[in-house]
Structures are given as structure tokens and as C-alpha cells.
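Visitor: Let me give you the structure first, and then I'll get to my questions.
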Amino acid sequence: MPESATAASGASIELENLTKRYANSPQPAVDSVNMEIKAGELVVFVGPSGCGKSTTLKMINRLIEPTGGRIRINGEDVTDIDPVKLRRKVGYAIQSSGLFPHMTVAQNIALVPGMIGWSKSRIRDRVEEMLDLVGLDAGEFQGRYPRQLSGGQQQRVGVARALAADPPVLLMDEPFGAVDPITRDHLQDELIRLQHELHKTIVFVTHDFDEAIKLGDRIAVLRERSHIAQFDTPEAILTNPADDFVSGFVGAGAALKRLNLTRVRDVEITDYPTVTVDDPLQNIFNKLRDSGTNEILLLDKRGRPYKWLRRGDMMRAKGSLARAGTLVSDTVTRDATLRDALEAVLTDNAGRVAVTGRRGEYIGVVDMETLMNSVHELLEADRLEAMEAQHELEEARAFQTHAEQEGAGGEEKA
Amino acid sequence: MTTTPELEEEEETAAPTPPTPPKRRITWQKLTILPAFLVAVLLATWLWFDQADLDAISENALSNGQVSKALWQQVQLTVISTFFVLIIAIPLGILLTRRAFRKATPVAMTFANMGQATPAIGLLALLVIWLGAGEKAALIGMVIYAVLPVLSNTIAGLKANDPTLLEAARGIGMSQLGVLKRVELPLAVPLILAGVRTALVLNVGTATLATFGGGGGLGVLITTGITTQRMPVLVLGSILTVSLALLVDWLASLAELLLRPRGLEVGT
């Protein structure tokens with residue numbers, strides 16, 4: 001892989017009979033995991049605590065040395081290469097960021113590029129690029145120390161550091177576990193956006209099933225000793241859990257959770273009449289009258305949704321834009337889930353929510369009707385799929401029973 | 001993205017716009033109060049000596065640059081012994097926190113504790129019997145006596161590091177040596193420096209005992225003052241010892257403030 005490639009996209013990961021045994025316990029901590037992760041895929045390991053998901057993850061970059069089995073990245077067997085070299089090619093982000101408190105944000109991000117010998121000017125550019133990528137202003141943040149950042153900002157820098165040397169693979173060990181729910185939501189959205197841009201292979205560990213559904217292209221539900229209970233797409237796991245363990249983990253409200261699987265970008269974003277604060281008042285009046293709706297959206301100087309203006313608002317406020325209308329309380333990005341959108345629509349009394357782009361600029365709106373229609377279509381499609389899958393599963397079970405009766409080693413797969 | 005010339009960017013990284021202006025680490029009070037006090041004490045002592053009439057014995061003990069010689073010896077003893085303490089205790093502390101040697105930590109700590117628990121003067125006497133009188137015996141005694149604070153602080157500082165942080169360091173591809181150099185030691189610096197400061201002050205004190213082993217130093221003035229029953233000689237020796245200890249402690253506290261890695265301070 002040429003190092004100069006600006007964005008190395010993902011590499012495949014294969015785990016073959018990966019096992020970790022500790023000397024002081026009779027049972028292996030991780031028992032013969034077999035898994036193929038495709039290049040550019042975001043796979044989430046989810047399972048109860050102590051199930052070995054973190055251990056499995058740490059074996060991929062050999063922070064924990066496996067006692068058996070092979071690891072292949074992009075087909076190359078990395079089980080016996082120098083672990084330091086391996087880790088420089090594999091990004092690693094952990095809970096509560098793992099930033100070094102005595103180094104500035106820029107120094108933290110520059111660590112891995114520095115270790116693999118990039119030139120100073122290239123590193124400097126890269127630091128700015130990475131901060132920009134995770135949505136932090138380079139000029140403002142690069143000289144700060146981790147202590148001077150909020151938890152969410154630290155986590156962003158942690159991700160920037162993990163991606164700095166452009167590794168094809170990124171390992172994330174409960175990276176958003178220590179931040180508050182609102183920030184976590186934002187960070188998850190950011191990660192989805194990043195993944196859309198970068199197409200890395202990401203292995204993400206969490207114990208939060210909702211997080212797994214929201215982020216994963218595929219989810220591996222793990223039970224004790226890292227046995228894979230089910231490894232499939234979120235849709236399939238929700239509509240068709242493999243066994244009681246998985247359905248117990250999925251929990252109640254699968255239909256609502258389904259809303260987490262579809263994003264605003266997948267539904268129709270409608271256009272809406274807008275004016276900006278710089279428009280002369282007369283234009284605003286005209287637009288309100290001509291629009292055919294009883295509300296228009298007022299954008300601020302940078303094109304971000306600012307206020308909803310109703311007919312008559314301007315009259316009551318005596319023509320002052322500062323006083324007229326109601327402030328836009330909530331917006332969603334295109335990467336937000338339908339669940340977020342529904343939440344926002346439900347709290348807005350007009351029944352619609354503005355969709356914004358990366359820098360908060362207005363793109364369109366999503367309203368109740370659009371959401372209802374999409375949900376109906378989705379659930380219908382799921383039902384059909386589930387029926388098909390059920391059918392397949394029954395066939396597979398019949399086959400398995402058959403195989404077991406024959407005495408073949410069906411246990412390995414179970 | 002615009003590409004600005006390198007020099008300009010260098011300045012940008014060196015002086016970003018921080019949320020709050022960086023606090024000065026060393027306040028003017030810190031810089032001035034103690035030196036002013038020391039100057040006042042020394043000035044008062046000098047004035048007193050200037051008008052005091054000294055008899056022949058006192059004159060004899062203080063003339064011919066004997067005072068400055070004793071002071072210089074005292075400084076030398078302190079600096080040299082501290083130097084050896086550092087090059088013994090810090091590497092030993094690092095070694096004892098590595099996985100392979102961790103089991104030896106209690107043993108090493110027991111020895112270090114014994115070194116400090118022994119009365120310095122007894123230790124010195126034993127060394128003189130063994131090695132003969134002279135600077136060497138005095139220095140070895142001082143080193144044994146002062147190793148403990150540096151060693152125990154080095155170990156404590158390295159052990160206090162958050163293991164998840166060290167795992168993160170390894171996880172992003174640092175070698176063992178890299179983790180030690182770039183993460184573990186910098187983070188342990190405040191505690192190690194505190195240990196060094198303690199050792200320095202201890203050494204200034206024990207250096208006055210060097211005279212019993214024939215090592216010279218300000219202790220010479222004090223013992224002469226006592227044996228000849230000449231107050232001025234005794235007072236001068238004591239005041240110089242105390243002033244030197246305070247000065248060394250002050251210098252060490254400045255070093256602590258300056259060398260502590262930025263970003264570790266509360267309130268930045």
C-alpha cells in the first residue's frame with residue numbers, strides 16, 4: 001500500500017480459531033473465535049460485560065497476545081510480526097480518550113505519524129486536517145491540553161489521534177462509554193459521517209445494544225468466552241434473533257429500535273421556503289404571503305436555521321426580526337436516525353424538523369407525514385424479509401439436526 | 001486549505017489562542033520573598049561580625065578564607081552526593097517498576113529504608129572505620145542516606161500512572177522504551193522532583209556531619225565553635241548551614257515548578 005495515498009480505505013480482518021487462555025483459569029477467556037470482517041465494514045462486538053469482547057478486540061492489535069489461532073489483516077498473517085509495527089498500522093481508540101495529559105492536542109495527534117517518520121510539515125498539515133475531520137477548529141484546539149477540553153472534545157481528539165496515520169483498520173474499545181448521553185449521540189453521528197467519508201474497517205466494542213444497532217454494518221452478539229451467538233446485520237438481528245440469548249439482549253421495543261437503523265438521508269427531505277436575516281423585510285413579507293404555507297424558516301447569516309416565522313408574527317413584533325417568531329429548538333443532520341428525527345418532530349409543535357449539513361447549514365425539512373410513510377414501508381419490508389429468513393432458518397435447523405444425528409461435529413458451529 | 005510558510009505556522013503552534021491566558025508558573029512573591037529574607041539574615045550576620053571584637057582563637061578559626069573554603073566544601077558535598085543519588089535512585093526506581101523486576105521492589109525498599117533509618121552519624125562512623133577518613137567516606141554515607149526519598153518517589157510516581165493510559169500508549173504503537181520515555185517518566189516528573197528536593201535538603205544537612213569523617217564542610221566551623229567554646233564561630237557555621245539549606249530548597253522548588261510538564265497543572 002503506498003504510504004502517500006491520502007485516504008487508505010479499509011482492509012479485511014480474518015480471525016481464525018483465535019483463543020486466549022490464562023494460566024490461572026481452566027476455561028479459556030476467549031474460545032476459538034472465527035470471524036471474517038470485510039474491508040470497509042463497521043463491525044460491532046456487543047455482549048454482556050466479561051464476555052471477552054474487549055479481549056478479542058485487543059488480540060487484533062495484540063495488546064493481548066493470543067495463545068492460539070491466527071489473525072490476518074488484508075490476507076497478511078500478523079500473528080507473529082513485531083507487535084509494535086502492527087499497532088502503528090492499526091488505529092486504536094479507547095474509553096475516556098486515552099489522551100496523554102502532558103501533551104497538547106496537536107502533540108497527541110502527531111504521535112503516530114511521528115513514529116512512522118513523517119516529515120514535520122506533513123505532520124502539521126495532518127494535525128489540522130484531522131482536527132477539521134472530527135469537527136474541531138484547529139487554530140483554537142491544537143495548542144490546548146486534554147484537561148482543557150470537555151469529555152466529548154477529548155473523545156474526538158482520541159479518534160483523530162487513532163486515525164492520524166491513516167490506518168486501514170480502526171479498533172474502538174467502548175470509546176463513547178464515559179461521555180454523557182447527548183454527547184454520545186453526537187459522537188455516534190460523527191463516527192457514522194466519518195465512516196461515510198473514510199470507509200475504514202472499524203471494529204467497535206460496546207455493551208450498549210442500541211449503540212450497536214445505530215453504528216454497526218454488522219453486529220456480532222457475543223456470549224461468554226466470546227462465543228458468537230449471532231453475527232449479522234442489525235436488521236436481521238432485530239427481526240430475526242438467532243436464539244433466546246440474542247432476543248434477550250435485543251430487549252423490548254424492537255419496532256422502535258428499527259427506527260435507529262434508518263437515517264434521515266434515506267428518506268425524502270423536502271424543500272421549504274426560507275429567508276435569511278439579511279433579506280429586506282419586504283421580501284420576507286412577500287415570501288410569507290406567496291409561499292402557501294403558514295410558516296417560513298428564517299436562516300441566520302451563515303445559512304443555519306434560526307427561527308420559524310408564522311404569518312402575523314411579524315405584525316405582532318412590529319417588524320422587528322429579533323423579536324418575531326420562535327427559535328429553532330432542534331435540528332437533525334442527514335446522518336441522524338429516524339428515531340432522532342421523530343423525537344424532534346414530536347417536540348416541535350408544527351410537526352417538522354429542519355435538516356442541517358455538516359456546518360449546521362440548512363438543507364431541507366422532514367415532517368411527520370414523510371416519517372410515517374417511511375416507517376410503514378420499512379416495517380413492511382422487514383416483515384417480508386423476516387418471513388423469508390424464518391423459512392431459511394427452519395431449513396438450516398432441519399439440516400443441523402440431521403447433521404447432529406449423523407454424529408458430525410456440528411458443535412463447533414453452534 | 002492555504003499553505004502558510006513554515007515559520008509562521010511554527011509561531012501559530014507555539015502561541016495558540018488559549019481559552020485563558022496561561023498563568024505564570026512563578027509568581028514574583030515566590031521569586032523574591034525567600035532571597036530577600038536570606039540577604040537580610042546574611043547582612044545582619046555580617047554587620048554583627050563587623051563590630052564584634054574577636055579573640056585570637058576565633059580569628060584563627062575564621063581567617064585565611066577558611067569560611068569560604070568550608071562553604072565551598074559543603075556545596076561540593078551536597079552537589080556530588082545528590083548527583084550520585086540521582087544516577088542511582090532514578091534508574092533503580094525505573095528498573096524496579098518493570099515487570100521483570102517488580103518482585104524485587106520490597107527487598108530494595110527494605111535496604112533503602114535501612115539506609116535512612118540508620119542514624120547518619122553512626123553510618124558515617126562505620127564507613128570511616130571501613131574506608132578510612134576523608135571525603136569519600138562522607139560522600140558514600142550521604143548517598144546511602146538520601147537514596148530512599150528519590151527511590152520511593154520514583155517508584156510511587158511510576159506506579160501512580162493510569163494503566164489504561166499506558167495501554168493506550170502501547171496500543172497506538174509505542175515501544176516499551178517509547179512508553180517509558182514519552183509517557184511514564186514525564187507523568188512521574190512531579191513526584192520524582194519532590195523526592196529530589198527532599199534528598200537535596202537532607203544532603204545539605206548531613207553534609208555538616210562530614211567533618212566527623214574528615215570530609216570538611218560547614219560542620220568544621222560548628223565543631224570548632226563548640227570545642228573552643230567560641231560563640232561567633234558556632235553561630236556563623238550554623239547560620240551559613242541554615243541559609244544554604246533554605247537556598248537549596250528554594251532553588252529546588254523553582255526547578256519543580258519549571259520542570260513540571262505543562263498540562264498537568266490544575267486550573268490550566
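The values are calculated or read from the model by the stated rules, or taken from the named source; none is laboratory data. Source: prediction; values computed, not measured. Neighbour counts are summed over all protein chains in view; Cβ atoms, including those assigned to glycine, are modelled from backbone coordinates with ideal geometry.
For every residue, the table says whether it meets (1) in contact with a Cys (Cβ under 7 Å, 6 or more places away or on another chain); (2) closer than 23 Å to A:GLU174 by Cα; (3) more than 9 Å from chain B (Cβ to nearest Cβ); (4) modelled with pLDDT of 90 or more.
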site: A:HIS102; (1), (2), (3), (4): no, no, no, yes
site: A:VAL105; (1), (2), (3), (4): no, yes, yes, yes
site: A:ASN108; (1), (2), (3), (4): no, yes, yes, yes
site: A:GLY117; (1), (2), (3), (4): no, no, yes, no
site: A:LYS120; (1), (2), (3), (4): no, no, no, yes
site: A:VAL134; (1), (2), (3), (4): no, yes, yes, no
site: A:GLY139; (1), (2), (3), (4): no, no, no, no
site: A:GLN154; (1), (2), (3), (4): no, yes, yes, yes
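Visitor: Being closer than 30 Å to A:GLY117 by Cα, assigned to a helix (DSSP H, G or I) and in contact (Cβ under 8 Å) with a residue 12 or more places away in the chain is the requirement here; does B:LEU257 meet it?
Guide: On the way: closer than 30 Å to A:GLY117 by Cα: no; assigned to a helix (DSSP H, G or I): yes; in contact (Cβ under 8 Å) with a residue 12 or more places away in the chain: yes.
Answer is no for this residue.
Visitor: Being on the phi > 0 side of the Ramachandran plot and at pLDDT 80 or above is true for just one of A:GLY312, A:GLY303, A:GLY292. Which residue is that?
Guide: Details: A:GLY312 fails: at pLDDT 80 or above; A:GLY292 fails: at pLDDT 80 or above.
Selected residue: A:GLY303, the only one of A:GLY312, A:GLY303, A:GLY292 that is on the phi > 0 side of the Ramachandran plot and at pLDDT 80 or above.
Visitor: Collect the residues in segment B:213-252 that are under 30 Å from B:PRO190 (Cβ atoms) and among the basic types (Lys, Arg), keeping them in residue-number order. Break it down into steps so the answer makes sense when it comes.
Guide: In the first step, residues of segment B:213-252 are kept if they are under 30 Å from B:PRO190 (Cβ atoms); the result is B:241-252.
Within segment B:213-252, none qualify.
Visitor: For segment B:58-135, please list each of the helices (runs of 4 or more DSSP H) lying entirely inside it that holds at least 2 residues being under 16 Å from B:ASN153 (Cα atoms) and of a type outside the set (Asp, Glu).
Guide: Values: elements: B:66-97, B:105-117, B:120-131.
In segment B:58-135, B:66-97, B:105-117 are the helices (runs of 4 or more DSSP H) which contain 2 or more residues that are under 16 Å from B:ASN153 (Cα atoms) and of a type outside the set (Asp, Glu).
Visitor: I'm trying to understand the selection: among the residues of segment A:156-171, which are within 11 Å of chain B (Cβ to nearest Cβ) and within 20 Å of A:SER54 (Cβ to Cβ)?
Guide: Once the filter is applied, which keeps residues that are within 11 Å of chain B (Cβ to nearest Cβ) and within 20 Å of A:SER54 (Cβ to Cβ), segment A:156-171 yields A:GLY158, A:ARG161, A:ALA162, A:PRO167, A:LEU171.
Visitor: Of A:LEU133, A:LEU111, A:LEU99, which residue is assigned by TED's automatic domain parsing to the domain that holds A:MET59, farther than 24 Å from B:LEU185 by Cβ and surrounded by 18 or more Cβ atoms within 10 Å (Cβ to Cβ)?
Guide: Details: A:LEU111 fails: farther than 24 Å from B:LEU185 by Cβ; A:LEU99 fails: farther than 24 Å from B:LEU185 by Cβ.
Just one listed residue meets the conditions, A:LEU133.
Visitor: How about segment A:217-278: which helices (runs of 4 or more DSSP H) wholly inside it have at least 1 residues that are without any contact (Cβ under 8 Å) to a residue 12 or more places away in the chain? Break it down stepwise before answering.
Guide: Numbers: elements: A:234-239, A:244-250, A:254-258.
The helices (runs of 4 or more DSSP H) meeting that bar are A:244-250.
Visitor: I want to confirm something. Restricting to segment A:86-96 and keeping residues that are crowded, with 24+ Cβ neighbours inside 10 Å and more than 7 Å from every other protein chain (Cβ to nearest Cβ), which single residue is farthest from the chain's Cα centre (by Cα)?
Guide: So the residue we want is A:VAL90.
Visitor: Considering only residues that are more than 8 Å from chain B (Cβ to nearest Cβ), free of Cβ contacts under 8 Å to residues at least 60 places away in the same chain, buried (at least 16 other Cβ atoms within 10 Å of the Cβ) and not charged (D, E, K, R), which ones fall in segment A:61-85?
Guide: Of everything in segment A:61-85, those that are more than 8 Å from chain B (Cβ to nearest Cβ), free of Cβ contacts under 8 Å to residues at least 60 places away in the same chain, buried (at least 16 other Cβ atoms within 10 Å of the Cβ) and not charged (D, E, K, R) turn out to be A:ILE64, A:PRO66, A:GLY69, A:ILE71, A:VAL78, A:THR79, A:PRO83.
Visitor: Determine whether segment A:199-208 contains at least one residue that is over 30 Å from A:GLU224 (Cβ atoms) and either β-branched (Val, Ile, Thr) or within 14 Å of another protein chain (Cβ to nearest Cβ) (or both). Before the answer, list the steps.
Guide: So in segment A:199-208, the residues over 30 Å from A:GLU224 (Cβ atoms) come out as A:199.
Applying the additional criterion that residues be either β-branched (Val, Ile, Thr) or within 14 Å of another protein chain (Cβ to nearest Cβ) (or both) yields none.
Within segment A:199-208 (the criterion being over 30 Å from A:GLU224 (Cβ atoms) and either β-branched (Val, Ile, Thr) or within 14 Å of another protein chain (Cβ to nearest Cβ) (or both)), the answer is no, since none of the residues qualifies.
Visitor: Same structure, new question: Looking only at segment B:209-228, which residues are crowded, with 21+ Cβ neighbours inside 10 Å and in a loop (DSSP other than H, G, I, E, B)?
Guide: Scanning segment B:209-228 gives B:GLY215, B:GLY217, B:LEU218.
Visitor: Out of (1) over 18 Å from A:VAL264 (Cα atoms); (2) in a helix (DSSP H, G or I), what's the single condition that is false for A:LEU379?
Guide: (1)
Visitor: Next question. Please work out if B:THR206 is crowded, with 22+ Cβ neighbours inside 10 Å and within 16 Å of the chain's Cα centre (by Cα). Can you show your working first?
Guide: Numbers: crowded, with 22+ Cβ neighbours inside 10 Å: yes; within 16 Å of the chain's Cα centre (by Cα): yes.
Considered against the rule, which asks whether it is crowded, with 22+ Cβ neighbours inside 10 Å and within 16 Å of the chain's Cα centre (by Cα), B:THR206 comes out as yes.
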